[in-house]
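To start, the structure itself, in structure tokens.
The values are calculated or read from the model by the stated rules, or taken from the named source; none is laboratory data. Note that the coordinates shown come from a computational prediction; the quantities given were computed from them, not determined experimentally. Methodologically, a virtual Cβ is constructed for each residue, glycine included, from the backbone with ideal geometry; neighbour enumeration extends over all protein chains shown.
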Amino acid sequence: MKRALTMTIVANMTSNYSEGLGNISSVQKVFRQQHVYAMRSRESLKNAICVQAGLYEDLQTSLDGAMQKFVSEEVNAATCRALEGGYMSTKNLTYVRNSSFYLTDAVACDAFVNETRFHNNLYLASKHAKDNGLSVQNDADKTGLMPYQYEYDKSLKEYSLTVDLEMVGKDDNFHAEADPEEKKARVNMLLDAVRNLSLIVKGNLDNAEPLFVAGGLSERKTHYFENVVHVKNGALAITPDLKDKLSEGFSCALLRGDNFSNADQIVRELNPSSVKQFFDDLKQQVSDYYQA
């Protein structure tokens, strides 16, 4: 029986940032196969998807040493969408409920090449200097002039999402369970967010919609396509193993905009649907699963 929804996505997205040194910000990176790759962490990606999906609109918080999600007999994963991504509540008794969906890091397809960008707030500092009879050159400390720099990376990245369909809307801590219609709605909210994912990084708007996606409903609760969807030098690797996995009742989709150097080969050998059709079909399968 198919009990999970899994997909692996290639998207053009920016990396998120790790620690800064003074006025210098560096993107998050990971070391793999003797190379350094820029990345967007799974935590950052999950938060962005949950916010855009609208799952956090009913979020309540509780302070118990650290800030955490509020949980109670009445407010649990069955009644509160914000708890679908998991929680640990230490208020009075400790309750732990794992997430019903899992993401991997979004890792760049090609090795990191440092691109440093330089900025300053010269206009604001000049306006303040003019209004107060100061000089930006001679009174830099009084005008708040601050040059800064940061590494920049926007590149093709691969990530996977897997949803445990049996766990959605259930909270065993309180023996509570949402109705099938609510379960379907939550999964479809995630799908809509992934399909239309948009990120804001350092004031820049980032269209992170899928350029290629492979997946569907699965018997295995794992990132089934994580090891076979790869891009190198702008070309999607079309391997026998990718074809074999797709033949097991899965499908793939391609955003046709010359995003891959071998787009014609992808169309010829994998026969992908449109991204819209892929997600529409997947939402119908989710509806059928929950019989809603």
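Numbers for the structure displayed
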| quantity | calculated |
| --- | --- |
| Meets criteria (touching a strand residue (DSSP E or B) at 6+ places or on another chain (Cβ under 7 Å), modelled with pLDDT of 90 or more and not polar (S, T, N, Q)) for residue 51 | no |
| Residue list for the range 86-100, filter: surrounded by 15 or more Cβ atoms within 10 Å (Cβ to Cβ) and more than 16 Å from residue 50 (Cα to Cα) | 89, 95, 97 |
| Helices (runs of 4 or more DSSP H) wholly inside the range 31-147 that include at least 3 residues being of a type in the set (S, T, N, Q), under 30 Å from residue 236 (Cβ atoms) and within 16 Å of the chain's Cα centre (by Cα) | 42-53 |
| Residue in the range 259-282 that is under 21 Å from the mean Cα position of the chain (by Cα) and among the hydroxyl-bearing types (Ser, Thr, Tyr) present | yes |
| Condition check for residue 167: out of contact with any Leu (no Cβ under 9 Å at 6 or more places or on another chain), of a type in the set (A, V, I, L, M, F, W, C), touching a residue at least 12 places away in the same chain (Cβ under 8 Å) and not assigned by TED's automatic domain parsing to the domain that holds residue 55 | no |
| The range 159-179, residues that are buried (at least 19 other Cβ atoms within 10 Å of the Cβ) and aliphatic (A, V, I, L, M) | 161, 163, 165, 167, 168, 178 |
| Filtered residue count, the range 17-46, keeping only those that are over 16 Å from residue 114 (Cβ atoms) and either surrounded by fewer than 15 Cβ atoms within 10 Å (Cβ to Cβ) or touching a helix residue (DSSP H, G or I) at 6+ places or on another chain (Cβ under 9 Å) (or both) | 8 |
| Sole residue being more than 20 Å from residue 259 (Cβ to Cβ), surrounded by 18 or more Cβ atoms within 10 Å (Cβ to Cβ) and either touching a Phe, Trp or Tyr at 6+ places or on another chain (Cβ under 6 Å) or outside the structural domain of residue 277 (by TED's automatic domain parsing) (or both), chosen from 191, 134 | 191 |
| In the range 170-205, residue farthest from residue 4 (Cα to Cα) [restricted to those that are free of Cβ contacts under 8 Å to residues at least 60 places away in the same chain and hydrophobic (A, V, I, L, M, F, W, C)] | 205 |
| Sole residue being in contact with a Cys (Cβ under 9 Å, 6 or more places away or on another chain), surrounded by 15 or more Cβ atoms within 10 Å (Cβ to Cβ), touching a residue at least 40 places away in the same chain (Cβ under 8 Å) and of a type in the set (A, V, I, L, M, F, W, C), chosen from 103, 83, 156 | 156 |
